[in-house]
Each structure stands twice: as C-alpha cells, then as structure tokens.
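Report on the structure given below.
Computed from the coordinates by the stated procedures, all read-outs in this text should not be read as laboratory data. Because the structure is a prediction, the values reported are computed rather than measured. Cβ: placed from backbone, ideal geometry, glycine included. Neighbour counts: every protein chain shown.
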C-alpha cells in the first residue's frame, strides 16, 4: 500500500524540508523530499499535513506512568495500553517504562508484562532506576528501597534485556564493582549514572554510557570535583538526559549546558508520574510525594519527585523558553535517545518504518501515524 504525506514542514535527523512530502510503501519510507519532486499519480492514501510539521514520533526513555497508571504496578496489557494511548495523544510513540528502585517482589509481574506486551502501544523498553543509588541524593526514592548491592536486581535486568532494551541507572560509587561489570557486559543494557555523588576524580568508570536527568540527583560541578557534569563535558561520546519542565532546571541552566555540549550529547526525558493516582491514593514508589500549588510533584521537604508533564511540554519549553531551534529540539526526542539505546531504525529516513507525528508550531499534536 502506498501512502503519501504531503504539504508538511518535515524534520528529519539531518535537515528541515519546508513544504515537503514523505512517500511510504507497505509501512516503510521510500522517499522524502520537496512537493515539487513528488509524483502523486499512483497512491492508495493521501494525507494532507498543510500548516503542520511532521517528524519521527517522539521517544521518552523515562516514563513512570501517566494518568492513573503507574508502570511498576501494571499487571497486563490494559495498563500498557492506557499509558501508551495517553502518551501517543501527546506525540510520544515510543517509551521506556521506568522503575523507581523497584522491590524484588514485583519482578515476576514486570517480567510477565514485558514478555507479553513489549512492542505494543509504543512500549519499547524498561528503565531500571536504582536500587543502586546514593541515599544522600535519593530524590523521591523511598529509603527502604535503596540498596548498595543487589544481585537479584542484576539478574532481573539480565532477564528483561532478553526481550527489550534496558537502561540501568546506578550510582557508580555505591554499586559493587562486580555488579557494575555484570551490567556493563550485557549487550542490550545501557548503564547511566544518576542519583550519585561520584566525583570522577577518585572513581572514573569509563564504560558508563552517560547520565540520568543531569543536574538533578547529583552535586554540581565545582573547582575540585567535576562530578557528573564535568565528566559529561569532558567525554565527547557520553550522553545525558535532562528534564525540561521548567521546574527541574531553569532555562539559563539548559542554555549553558547546550553551549557546553555537542548537539548529540543531550536528550530529553519527561520522568512523568501518574499525577491522578498521586492525588487520589498516593503511590508507593515515591516517598511522601504530593502535588503542590504550582502543579509540581514534591516531597514534604520540597524535593522534586518526578514530573507532571510529558515530552510534549519539554519540547515546547526548549523552543519557546530556552531558545533552542525546533530542529535541534526534535532531535533531542528522536535521534539522540534512539542512538543511546540502539534504536536508529526509528530515524526518519528511507527504508525505515518509524512512527510519525504531525504538530503545529505550539507543539499541539494533530495526529500520530503508525507506519509499521
């Protein structure tokens, strides 16, 4: 079946094509170009994107949940469908379910959900955040869930990685060397540093791939301790996520970071939480987290505990508040995270079957399109 998207401003990973088209056949992109280059004489479906932009579907590598559904409590496909459907309405077509220092009592349930639903409703992987985190930088993680050592969690990561890519966030100064090496040796696992006090002066794990939500859950760069930020700037091949919701980071902080790093080093995550569930019942993966008067998720001591908005809001903040060009911002939710977890097939280019999202310049989503 030949389906052609026409009259869109198209954002690929390499260029912007004003008034362009995307020609697809049987769920795969054939060609991308300007409207004056396309032959419209033979097609089954013509989709007009006039006055809207078109890009690859947005990718979020840290989704704790949304609405009333917490990922770690999902037991079947209904919960995955609810999360995926709500995210897709906001432009996110690929997402990693995040686990906040999840207890071992939930391992079998989560493995079952992964085995039976991964690849459906945009569910693409799992982000295991903790339990190997520094208790002094735990954020909203419940203290009783934090562990310095857990072979059981290592084996859980190994088991899940047989079915989908996994991100493991650890504090390098906390996790035992043998457990860190086990994680680093797994072919489908990306290891990031987060909730950490690692200075990278006394301890420099060269194989760690990057950092989780840079600046949050870690000390700042200082004169004698570069910490995670200094390590990232000094390592061209490493990457880091940031939460651009206007609460976790000020716009000026992001502006400095973008000037200091290469364009393909920094990407966006939402760290979104199921705020409806928090308001009604609370959730056990966070320690005394509530919505404050600014609609932000905070603990009773004022510590931020996740976000209350999706990648859609992060993109809008990056372009309208930080001043990042739209093409660069879109790469931060498509090209860069896809490269981190080895999902380059999600790029908008010939031969690929990635999802598409059409949206206006205010990042209001018109529609998402599933090619394959």
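Which order, highest average first, do 241-251, 67-77 follow once you tally other Cβ atoms within 10 Å for each residue and take the mean per peptide? Spell out each step's value before the answer.
Details: 241-251: 21.5, 67-77: 18.3.
In decreasing order of mean packing, 241-251, 67-77 become 241-251, 67-77.
Just to verify a number: FRET efficiency for residue 104 and residue 35, C-beta to C-beta distance, R0 = 41 Å, to 0.05?
Working: r = 56 Å, r/R0 = 1.36.
Once the sixth-power term is evaluated, E becomes 0.15.
Please state the relative contact order of the chain as a whole percent: Cα pairs under 8 Å, 6+ residues apart?
20 percent
Taking only DSSP H segments of four or more residues, each worth -39500 (n - 2.57), what value at 222 nm results for the chain once the sum is divided by all its residues, to the nearest 500 deg cm²/dmol?
-6500 deg cm²/dmol
Starting from 0.36 nm per residue, how many nanometres of slack lie between residue 221 and residue 207 once their C-alpha separation is accounted for?
Length gained, residue 221 through residue 207: 3.0 nm.
Does region 58-343 come out rounded, prolate or oblate by the C-alpha gyration tensor, with a ≥ b ≥ c the root eigenvalues, rounded set by a/c under 1.5 and, if not, prolate when a/b is larger than b/c and oblate if not? Walk me through the numbers before you get to the answer.
On the way: a/c = 1.28, a/b = 1.07, b/c = 1.19.
In terms of gyration-tensor shape, rounded.
How much length would be gained if the chain were fully extended between residue 262 and residue 370, taking 0.36 nm per residue of separation minus their Cα-Cα distance, in nm to one decimal?
35.8 nm
In whole Å, how far is the Cα centre of region 178-200 from that of region 70-127?
Cα centres, region 178-200 to region 70-127: 22 Å.
Relative to the first principal axis of the alpha-carbon coordinates of the chain, what is the inclination of helix 77-89, with its axis defined by its Cα atoms, in degrees from 0 to 90 and to the nearest 10?
Its long axis makes an angle of about 60 degrees.
Enter the angle in degrees (range 0 to 90, nearest 10) between the Cα long axis of helix 151-161 and the first principal axis of the Cα atoms of the chain, meaning the one along which they spread out most.
10 degrees
Order by neighbour count: 326, 225, 332, 239, fewest other Cβ atoms within 10 Å first, most last.
The order, fewest Cβ neighbours first, is 225, 326, 239, 332.
Hey, for a label at residue 45 modelled as a point 7 Å past Cα toward Cβ, could you say which residues of region 339-359 have their backbone N under 20 Å away?
346-359
Evaluate 2.2 N^0.38 Å with N set to the residue count of region 101-167, then give the Cα radius of gyration divided by it.
Here the answer is 1.16, to two decimals.
Take every Cα pair under 8 Å in region 117-240 that's 6+ residues apart, average their separations, divide by the length, and report that relative contact order as a whole percent.
About 22 percent, as a whole number.
Length gain on complete extension for the stretch residue 19 to residue 360, per 0.36 nm per residue less the alpha carbon to alpha carbon distance?
The span from residue 19 to residue 360 would gain 121.4 nm if fully extended.
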